[in-house]
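Worksheet for the structure shown next.
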Amino acid sequence: MSLQRLFLATITLLKITESEAFSSLSVSSFRSQELQRLSHLSSTLSPDGTGVRSEDEENAPKRGAISMQIDELADYLGGKGRAQIVWDCYSIGIDPADYFGSIYLGYDDYETIMQLMPSMRRTQKLGSETLEKLAALYPQGGKVEGGVAKLSFLSKSSDSTTKLLLTLADGLQIETVIIPWKGQRSTLCVSSQVGCRHGKMGKLRSLTSSEILAQLFFAKKLCRLEGLPDITDIVFMGIGDAADNIENIIEATKIMTTRELFQLSASRVTVSTVGPSPEAFRAFAEAPCVIAWSVHAANDELRRQLVPTTKYTLEELREGLIEALLERPMNGRTVMLEVTLMKGINDSLKEAEELTSFAEVIAERVAGCKVMINLIPYNNIGPRIEIGQSEYQRPDEKNVVAFQKYLQGHDLFSDVRTTRGDDKTATCGQLATKKSNLK
């Protein structure tokens, strides 16, 4: 598949507007309908999610089987065959604790699941001793579904974009969004933290690798049960900044892209960050993914206004990114630069020229590097935000088009994010915020 098709598959704007706000009545009505559906979709009785909320990282679930490579899990369970059976289940969104240890599979059925298993292992089972070992890896609930997380709420838009609200073992909630593409494949937008230090919610804590992977687990299950195209692409563009949770994200991307596990291509996993330090970029050199940098402006003074948490110059950050790319093999040197365009702030041809010069340095210094620029017209999600005396506003379409054409005229691939999930709050970060505000 061409890089252009990959880029189009991974960039999607989950539209956020002030006019989308639900009334308490409409949320209550929709929630009632969806909870009724969830009673069929849930494989088992899950925790009620009323646990005490905590900001302490130590209260998060420990690393479990869904975060383990085959060999590591085989050592723990006492056999590679057992580890492969566990991953046969995880890869299609079924918890082995339910399939082998429960008489009730809810919306699933044994015959359907068995047909999805590799033929060589359809008659193999996991015994009680193995199931007990798996449960010991998850002190809260004994498994992925109902232990690491439970599916608490669904929001589905008219274009089939589907948001999942997951409640973690400590009662905190995260969101993940399934974005189907023309009935052929789906992109999953995942969160890396509960809240984000750059955003309005603030950072509560980082997610463990198991909590990150649980989002893919539930998405695989929903795609299978709801008839949505299977997940082929992952974008870490949900809640949180990837560079604030490097270790867990690297571990999660390795699990996602291992052939015996979730079997995704590294070129289809995109990790987005504002790039807080050169070291953060260097750390991602070993991650099997495309690095996406939310640069927003190629001018230090302007970028400090747009990203007030930044402590380094653009040149210093770019150097860290270049070093990370140079450590990668030639087929792993694609990089994405993301720019949220705001009217009268960074949407002029002056900023386009600065961005072009900035990107060209990366392309020139990194052999085999493909630089892609993702333009994101600004959308407001709540109260107006100000920079100096100016409010953030959506740019005029003619300015967005002119900005894009300038980049393309200098041989830089650029696209504008499309709008998806613009009804029923089917967009990253919105559902949990609105539900929280209604409490």
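Things worth noting here:
- Divide the volume of the convex hull around the Cα atoms of the stretch 134-270 by the residue count and you get 115 Å³ per residue.
- Hydrodynamic radius of the stretch 259-348 per Kirkwood, over alpha carbon pairs, in Å: 14.0 Å
- Per-selection Kirkwood Rh - the stretch 212-309 (Cα, Å, 1 d.p.): 14.7 Å
- Pairs of alpha carbons in the stretch 75-143 whose separation is greater than 14 Å (percent): 57 percent
- Tensor-based shape of the stretch 120-177 (alpha-carbon gyration tensor, a/c under 1.5 rounded, otherwise prolate or oblate): oblate
- Counting only heavy atoms of the protein chains and using a 1.4 Å probe, Asp230 has close to 80 Å² of accessible surface.
- Shown for the stretch 204-260: the carbon plus sulfur share of the solvent-accessible area, taken with all protein chains present and a 1.4 angstrom probe, equals 44%.
- Long pairs among Lys156/Lys254; Lys163/Lys221; Lys133/Lys254, criterion Cα-Cα beyond 20 Å: Lys156/Lys254; Lys133/Lys254
- Considering the stretch 275-410 at the alpha-carbon level, its Rg and Dmax are found to be 15.2, 46 Å.
The values are calculated or read from the model by the stated rules, or taken from the named source; none is laboratory data. Note that the structure is a prediction, hence the values are computed from the model and not measured. Surface areas here come from the heavy atoms of the whole protein model, side chains and all, with no ligands, DNA or RNA. Shrake-Rupley method; radii C 1.70, N 1.55, O 1.52, S 1.80 Å.
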